Amino acid sequence: MEKMKITNYQLFSLTANAAFGGSVIVIASAIAAIAKQDAWISALLTPILGMPVIWICWFLGSQYPGLTFVEIIKKILGRWIGTIAAVSYISICLTLAYHVPWYVGDFVATQAMPETPPYVINLLFMIAVVIAVLYGIETIARASELYILFVLVLSVLTVVLVSPNIKFENLQPVLENGMAPVFKGSYVLSCFIIFPVVLLMMIYPANIDNLSEAKKSIFKGFLFAGFITFITILMSVLVLGGKITAILKYPTYLLAKEIRLGIIFTRLEFIVAGTWIITQFMMGTLVFYAAVLGLSQLLGLKDHKKIVIPMGLIILVMSEIVFPDDIYQINWVNLVWMPYATTNGFILPLLLFIVHLIKKGIKKAS
Amino acid sequence: MAIMSILAISVFSTVICIVEIPKMLEQRLYRELWIFCILLGTGTVLAVFKSLDVEIPNPSDFIAWVYSPLAETMKSITK
């Protein structure tokens, strides 16, 4: 097994990418559907609620330096229960790995290139992901280091350019239906930005040199992701209003279409699209790496790179059949993805944490 | 079109086999070889089925079935 080390800054950028990577352009709509004009309060709450989950992930990693999450699961839960938990964990990595190309293909095919069949876009995307994973984690980490700067600059640029269109009336009335929808909204948001961070656990304890510094990087990365999500949702609500945000599929993209500064700065929506495809690419690479590495560790393979290409082929076919239509996708995300992400992103680390503490207690007592 | 994509997939799989299998035999990675063959076989069959428009069981349906007891709770949250 390769033991490449990544720096703490790279860990920061990877955490940020894992947290907002998959969802930054679509998420505003799901939150606005629940919390309406108070969606931005949900986005403000979520990073605070996420702190304990991130802390548990960090703690587990710090107790088992040099191991990946699948190995940690097996070590804590034993062989049989550990295998079941690991299969569940790998299944969520695989699921995300074919959702990400589906989203990219769907986005490009509906918004930019309607005559191109989505599977051509999926194919190009998967080829890039497979090549990235074949290069190894160090290359992925270095790329994310650069991409995070792109994302920051482009997001800030979008926000600055769209700010003349802000209507503060869109935020009123604040807390129209009390706090309940806000909390529901922040639960939904946490399924998209907190729980996917657990995917990073395939990289975090195994490839890190300095574990005490790593804590800071993980929290900083998570807060950075929370901040980007917050400004995205806030600007969507401020510019488009809660109602319109809720019915759109890609609200942030429409937000960028609103940019009109004189006659020069118009039609800048592909700034947002470019940012999103970059973050999706990083997310896709991370989840695909996690899935391949997890699967090869579960099966006891020595070299995970040997199964990258066949897995890429399977993921490519799956990305074309996973959602037959948009209605299916919306229903699936609302009814299935949330409990699925909660089980693997929250309950599984919590269970490992508790079992770890009990085991430690027994050791001390004896 | 179906024939073209099936041809492309077969050529792709054959090339990958020709490139990868001797390497693995050389390094004596027999377990990797088995898993590689199973996964590549699955992938090729799936891709051929897809190009022939045969219905492939959707993994999303299976996950939806696993979490179906929670569907009502989720409906109340997302309303």
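Nothing in this text is a laboratory measurement; each read-out follows from the coordinates by a stated rule. Here the structure is a predicted model, which means the values were calculated and not measured. In this analysis, Cβ positions are derived from the backbone assuming ideal geometry, glycine residues included, and neighbour counts consider all displayed protein chains.
Structure notes:
- Using only side-chain charges placed at the Cβ, +1 for Lys and Arg and -1 for Asp and Glu, the dipole size of chain A relative to its Cα centre rounds to 1160 debye.
- Relative to the current alpha-carbon distance between A:Ser62 and A:Asp326, full extension at 0.36 nm per residue lengthens the span by 90.9 nm.
- The average projected area of chain B, computed from the convex hull of its Cα atoms over all directions, is 8.4 nm².
- Of the residues A:Phe20, A:Ala43, A:Met201, the one whose Cα sits farthest toward the positive end of the charge dipole of segment A:8-365, with +1 on the Cβ of Lys and Arg and -1 on the Cβ of Asp and Glu, is A:Met201.
- Of A:Asn344, A:Asn177, A:Asn17, the residue with the greatest mean-square motion in the GNM of chain A, using alpha carbon springs below 10 Å, is A:Asn177.
- A Förster radius of 51 Å combined with the Cβ-Cβ distance from A:Thr83 to A:Val120 puts the calculated FRET efficiency at roughly 0.85.
- Centre separation in Å (Cα based) which lies between segment A:13-89 and segment B:6-79: 25
- Between 0 and 90°, nearest 10: helix A:348-365 axis offset from chain A longest Cα axis: 30
- With one equal scatterer per alpha carbon and no solvent term, the Debye-computed log10 I(q)/I(0) for the protein assembly as shown at 0.06, 0.07, 0.11 1/Å reads -0.25, -0.35, -0.87.
- The ranking of A:Ser236, B:Ser13, A:Ser217 from fewest to most other beta carbons within 10 Å of each one's beta carbon is B:Ser13, A:Ser217, A:Ser236.
- Checking the Cα-Cα distances for A:Lys302/B:Lys50; A:Lys75/A:Lys363; B:Lys50/B:Lys75; A:Lys215/A:Lys363; A:Lys36/A:Lys184 against a 21 Å cut-off, the pairs over it are A:Lys302/B:Lys50; B:Lys50/B:Lys75; A:Lys215/A:Lys363.
- Total charge dipole magnitude, segment B:2-78, about the Cα centre, Cβ charges on Lys, Arg, Asp, Glu only, Debye to nearest 20: 200
- Helix A:211-240 axis versus longest C-alpha principal axis of chain A: approximately 20°, rounded to the nearest ten.
- Look at the stretch B:32-45: the mean tally of other chain Cβ atoms within 10 Å of its residues' Cβ atoms is 5.
- Between 0 and 90 degrees, the angle of helix A:269-298 with respect to the longest Cα principal axis of chain A falls at about 20 degrees.
- Within the straight-line cut-off of under 14 Å between alpha carbons, the aspartates and glutamates reachable from B:Lys23 are A:Asp303, B:Glu32, sequence neighbours fewer than 8 places apart in one chain being disregarded.
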